[in-house]
1. From the set of residues in the stretch 29-43 that are hydrophobic (A, V, I, L, M, F, W, C) and within 14 Å of the ligand (Cβ to nearest atom), which is nearest to the chain's Cα centre (by Cα)?
2. Among the residues of the stretch 61-97, which ones are over 17 Å from E119 (Cα atoms) and either of a type in the set (G, A, S) or not assigned by TED's automatic domain parsing to the domain that holds I210 (or both)?
3. Could you give every pair whose Cβ atoms fall below 8 Å, whose first residue belongs to the stretch 247-274 and is touching a residue at least 12 places away in the same chain (Cβ under 8 Å), and whose second residue is part of a loop (DSSP other than H, G, I, E, B), counting only separations of at least 6 or pairs across chains?
4. Name the single residue that is nearest to the ligand (Cβ to nearest atom) among those in the stretch 61-72 being without any contact (Cβ under 8 Å) to a residue 40 or more places away in the chain and within 20 Å of Y98 (Cβ to Cβ).
5. Would you point out which residue out of G159, G170 is in the same structural domain as T65 (by TED's automatic domain parsing), in a helix (DSSP H, G or I) and farther than 17 Å from I133 by Cα?
6. Restricting to the stretch 230-274, count the residues that are small (G, A, S) and either surrounded by 10 or more Cβ atoms within 10 Å (Cβ to Cβ) or part of a helix (DSSP H, G or I) (or both).
7. Identify, from the list V201, V193, the residue that is part of a helix (DSSP H, G or I) and within 16 Å of the ligand (Cβ to nearest atom).
8. Out of the stretch 106-162, which residues are within 16 Å of the ligand (Cβ to nearest atom), of a type outside the set (G, A, S) and surrounded by fewer than 19 Cβ atoms within 10 Å (Cβ to Cβ)?
Amino acid sequence: MTKKLPALSGKVTVQTLRDRKRSGEKIVALTAYDAPMARLLNRAEVDVILVGDSVGNVKLGFPNTLPVTLEHMLHHTQAVRRGNSRAFLVADMPFLTYEFDPKEAVRQVGRLMKEGGAEAVKVEGAGAVLPSIRALIGANIPVMGHLGLTPQSVHRLGGYRVQGRSPSEGDRLLREARQLEKEGAFALVLEAVPGPLARRVTRALSIPTIGIGAGKETDGQILVLDDLLGFSDVPPPRFVKPYAHLWTEALSAVRRFRNDVRSSRFPGPDQTYS
Ligand code: KIV
């Protein structure tokens, strides 16, 4: 007999996230790219699932997030949507789908929400992107900002490096964070910035900050799920704490299967129909 699992607590919404900022209860966010992992994160009562464009390097074999298309994002967002019932579902806008033309941004994002089932989108940067963010929010599309190390700018930044180390860079990041808040972003991801700067931004804003490599004083934390699970053959960034080593375990399982097939130990009587 299968054991009945306890019921999940209520659906997470933007309002839940706003309340968390006020109450100080931390927001737990992770990426997912498919339905089984979305179900797992629901079972673990994770608050936010991000269908990150990190799907490009984590799952699709690209060297970075730049080749990811809206069609890729739609495909994975739909899969996650089918596995999700509780978490707030955010999808990344891929590189060059929102930067220049606010109307085009709304049209592209509209697909992620209408066809993909996303409840919000994440866009990288501020400055030139603000008119698109304004248009999205004007069209009732909740927007999560993303500052610091913005992977879509990897070539401009000269690699995946910590951002906001100098006082002027820190001041600029704080200014941009305030602009995003003013435009109506409901939350802000801060990636690879020094802890004291993340604390300063977090204290200055009334919207929640979600850190990745930004120390512990943000309002929440996000990691790439495969990094957390140790499900990769490349070492994760320094800010990741692996909570499991699934790559090693999976490799060992596949090797044992290979050996069993070669030595005719698999299939055994239990796996054979009479
Ligand atoms: O694409 C992604 O996974 C992200 C997170 C790392 C924040 O943007």
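1. L30
2. Listed by number, the list holds a single entry, G61.
3. W247/G230; W247/F231; W247/S232; W247/D233; T248/G230; A250/F231
4. If we take residues in the stretch 61-72 being without any contact (Cβ under 8 Å) to a residue 40 or more places away in the chain and within 20 Å of Y98 (Cβ to Cβ), then V68 is nearest to the ligand (Cβ to nearest atom).
5. Only one candidate passes the filter, namely G170.
6. 6
7. Exactly one residue qualifies, and that residue is V201.
8. V154, L157, Y160, R161, V162
The values are calculated or read from the model by the stated rules, or taken from the named source; none is laboratory data. Quick caveat, the model's predicted, so the values are computed rather than measured. Ideal geometry is used to build each Cβ from the backbone, glycine not excepted, and the neighbour counts take in all protein chains shown.
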